[in-house]
Amino acid sequence: MEIDKEIILDSKIISNYGFSSKKTKENSKELKVINYMGKGLKIILYISIITTIIFIIINNSLSQISKRKEINDRYFNLEKINNNQQQQLNQIKSMILRKYNKLSINSQNQQISLNQIKIMISRIYNKISINNQYQKFTQAINQKYIEEQNFFCDNLNFLSNNEFENQIIKANINFNNKSYYIYIFSNSDGVSGSIRKTKRWEGYSTLQILEALNFYKNKTKLKNEDLYILDIGANNIGWYSFYLGKFGYNIMSFEPTERNFYILKKNYCLNRDINITIINKGVFTSEKTCDYYEHLGNKGNGMVICNQRNNMPKFLKKKSIVTLTKLSNFIPFLSQKRVSVIKIDVEGSEEAVIESGIELITKYHVPFIFLELCPSNLRLHNVNTTKFLEIFENNGYKISTSGFLNKNYTSIKYLEKLIIVNLYIIYTKILE
């Protein structure tokens, strides 16, 4: 029994006997057809894949545009509403005054005393007082900021900024039995560098604030969730905001620069158990925009300059324009809360911060103020250090460089000689 073996070489079928049969030629033609069909299918497949990829890219781009439009449409400008509400309140006030004038004329016939009319009008006016309306308004603003934070986290894939993403890394915080993750800057930054090496920042000052808060809670019988902390100038990545927030305190954090604001929002997305309101504005004496100068050796740090200067230090470089607001805008909201600590780190704008929120000091007497003082930065803003610190002493506060509760107070004349120092400012009546 003979068995034919076939060898296929270069698409030609050659038998062991050395010649090609008609059948093998036909098979060869069929193989060529199949080969051409295979190539055609591959081309169609490649085109389909490329088309799909292009469609996905276009769809994602359109989705991103849609999401950004949704943000703009969803979050209206509450500052404009403030003006409208103020106009409405002025109209109400005018109406009351008209009623008052009408009643005062009719009072002669009705024998109603002017004092009775004043009392009646006062009661009517109190029901629709501007303060009550403004409290509701500031509550709405606070809620708006929180909604924006949550919206950012829920749509991070569409709202992420590649420029900023390339500058940040995730790091672990581990300090005083608190461990959690946070984003820090990967480039030159003092706070981030410290966290990378030690997993903390300003440990001593942080513990001093915690000690003061515990003292205040024991004295007032309040809980952590009852107390508010203002973080004005959020230390680049929000060290104090997020660390103190982990203890259950309510945080209101002000940060004017776009890059720092971005990392604060990212850190909120990692730590949504924290009750924090992040406001992308600096605190100043008025509503305005000013120049922001970045520190060349510490890019997370910088200075807000509102007046044109020709003698700016060489280590500062103009980076952007930032938006500023008055702390007094938030007092109607904060007056219903217990503000226990104000932390201020604003590189020379300290006087503007205090001036814009002076009511918190003179009327509500926030018990603890933690302030980084650099006299040379104050001088850049034409501020005298001694006169600035007298604001606190004239309102019942004492200043220490070593802690809130040790009563080791410092002369403000001495402080003017220092280069940079952390100040612990306490309303002394809280110790009585």
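Coordinate-derived values only; no laboratory data. Since this is a predicted model, take the numbers as computed values, not measurements. Because the Cβ atoms are built from the backbone with ideal geometry, glycine has one as well, and the counts that use them run over all protein chains shown.
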Q | Residues (without any contact (Cβ under 8 Å) to a residue 40 or more places away in the chain, under 16 Å from residue 367 (Cβ atoms) and assigned to a helix (DSSP H, G or I)) located in region 202-227 | A | 210, 214, 217, 218, 224
Q. Condition test on residue 235, is it free of Cβ contacts under 8 Å to residues at least 12 places away in the same chain and not small (Gly, Ala, Ser)?
A. no
Q.
assigned to a helix (DSSP H, G or I), without any contact (Cβ under 8 Å) to a residue 24 or more places away in the chain and of a type in the set (Asp, Glu): which single residue out of 390, 355 fits that description?
A. 390
Q) Which one of 184, 195 is surrounded by 14 or more Cβ atoms within 10 Å (Cβ to Cβ) and either assigned to a helix (DSSP H, G or I) or of a type in the set (Ser, Thr, Tyr) (or both)? A) 195
Q. Strands (runs of 3 or more DSSP E) wholly in region 274-348 with at least 3 residues that are farther than 25 Å from residue 143 by Cβ and in contact (Cβ under 8 Å) with a residue 60 or more places away in the chain - which ones?
A. 298-305
